[in-house]
Structures are given as C-alpha cells and as structure tokens.
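A.B. asks: Below you'll find the structure I mean.
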Ligand code: GLN
C-alpha cells in the first residue's frame, strides 16, 4: 500500500512539473498575446486628447495608436483604465501588455520598463484662473495642484530645486486638480501642454494656461523589460504612423 502511495505521489509530482513546463515553456510575450487574442493596454483616461472618456468609451490618440498595433497583431484591443501612477508597476509585474498614457520617457521609468520609439513631444504647462497675469505669475510660494506621479509632479512642483511651492496637492487627474482650482483650493495646476489646453478650452472664461518654458518631454509606449518582440511590432507601427502623418491627424481629431 505504501509503495502504491509513493508511486502515486511521484506520478503527481511528475504531472505537476510537466504542467509547469507546458505553461511556462518560455513563450514570448507576442505568442501569449496572440494566444489570448487580445492586447491589453493600460492607461489613465483623464488626459485629453491622448485618452479620455466619451459616451462611456475610452477614446483618444493613444487608443487610435493602440488599435493599429492590435490590428497589426491580429488581436482585439482591451483598454484598462486605471490610475496613472500605477501603470509602470503593473507593466513591470506583467499585468497588462503595454502602457500607453501620454507617458514621458524618464530615466527612472527606463529602469523599470522598456520604452518604444518616441511619438510625441510635449512640455509642462501651467493652468491659472482667468484674469491672472501670466507674465508676472510666480510658482514659488503657491499651492500647486498636480496629477500624482506625473513629470509635472515629480520633476517640477515637488522638486524644491525647481519650484519652492507652498504646498503640492496631488490628484488622480489634472481635471480634478483644475476643478479644485476653481473652488480656490489650489492656485494653479501643472500638467502637459495639450491636456492643459483641452482642460482650459472646456472651462472657457474660467481658466487660462501658459508655457513656463520648461524642458521638452517625449512620450513613448512602455512594455515589460525584455519584451523585445512586442516592442518591435509597436515600433514598426509607430514609425509607420509617424511617417504617414497619422499621429498628427489623431491629435487634430481629438483636440
Ligand atoms: N506626461 C506626463 C508623465 O508621463 C503625464 C502623463 C499623464 O498624466 N497621463 O508623467
């Protein structure tokens, strides 16, 4: 009896090992995407014109780009709307195939994920209440609203070597931060150029935005480190879209 049990245990162990080999057979990221038939894009849909919600659907420049990548792969696109500052962690952990969220390439992020070719250049803008003299407006000493974990937060508002803010209030989106500015809870908001322009256009007469002259930034798509096969497909599609002037077209369509 003991022998039978031992043999059974051995058999079960062998089955488990085999099952694992089959499941973790060194399949590439690309094979896995094709097998499940979907490309999972992580984004934060409060960043118009790159990603925003319209009629209960997430749309925008990054979604148009991601649709082209999914088409190239022959799979459907699934968009997962989440908090911006968790996207890099999720990609790192393999929870999602790519992060496309108007994401600026930074040295810190490069240590955690791999980036595609850059497809948009941007810079940080400042949103202030209408009537503010932007020529003389000083960011030092102000209560500044930002979207948490963005470059506007980490590299500008929250860096005392750049801005000596009185306080930095962190929000889930720049839209929320701008709404709080209208309630007088922050003096201004720092966010990327096109979202700043879109948010102010949607609040005409209440707020304006200006360019404080910071460094240019470039957006790219993030994938898990080492997922070179997927990255190659993404780069091919991005390069084609840029060569065809499609990305500019998407920007115009969503602005
Ligand atoms: N470009 C900024 C960043 O990467 C903001 C992106 C966003 O809020 N979606 O930090």
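The values are calculated or read from the model by the stated rules, or taken from the named source; none is laboratory data. These numbers were taken from a predicted model, which means no experiment stands behind them. Neighbour counts are summed over all protein chains in view; Cβ atoms, including those assigned to glycine, are modelled from backbone coordinates with ideal geometry.
A.B. asks: Can we say residue 145 is under 22 Å from residue 50 (Cβ atoms), out of contact with any strand residue (DSSP E or B) (no Cβ under 7 Å at 6 or more places or on another chain) and touching a residue at least 24 places away in the same chain (Cβ under 8 Å)?
C.D. replies: The answer is no for residue 145.
A.B. asks: Sort out which residues of the range 192-214 are in contact with a helix residue (DSSP H, G or I) (Cβ under 8 Å, 6 or more places away or on another chain) and within 14 Å of the ligand (Cβ to nearest atom), and write them in order of number.
C.D. replies: Hits for the range 192-214 are 192, 194, 195, 196, 199, 214.
A.B. asks: Next question, about the same structure. Might you let me know whether the range 215-235 holds any residue that is out of contact with any helix residue (DSSP H, G or I) (no Cβ under 6 Å at 6 or more places or on another chain), closer than 30 Å to residue 129 by Cα and modelled with pLDDT under 95?
C.D. replies: no
A.B. asks: Cβ-Cβ under 6 Å, sequence separation 6+ or interchain: first residue in the range 30-47 and at pLDDT 95 or above, partner within 13 Å of the ligand (Cβ to nearest atom) and part of a strand (DSSP E or B). Which pairs?
C.D. replies: Every condition considered, the pairs that remain are 42/99; 43/51; 45/51; 45/52; 45/58; 45/81.
A.B. asks: Within the range 69-121, take every residue that is farther than 26 Å from residue 216 by Cβ and in a loop (DSSP other than H, G, I, E, B) and give me the one that is nearest to the ligand (Cβ to nearest atom).
C.D. replies: 82
A.B. asks: Criterion first (more than 11 Å from the ligand (Cβ to nearest atom), touching a helix residue (DSSP H, G or I) at 6+ places or on another chain (Cβ under 8 Å) and not in a loop (DSSP other than H, G, I, E, B)) does residue 33 satisfy it?
C.D. replies: yes
A.B. asks: Run down 162, 146, 128 and say which single residue is away from the ligand (no atom under 13 Å from the Cβ) and buried (at least 16 other Cβ atoms within 10 Å of the Cβ).
C.D. replies: Answer to the check: 128.
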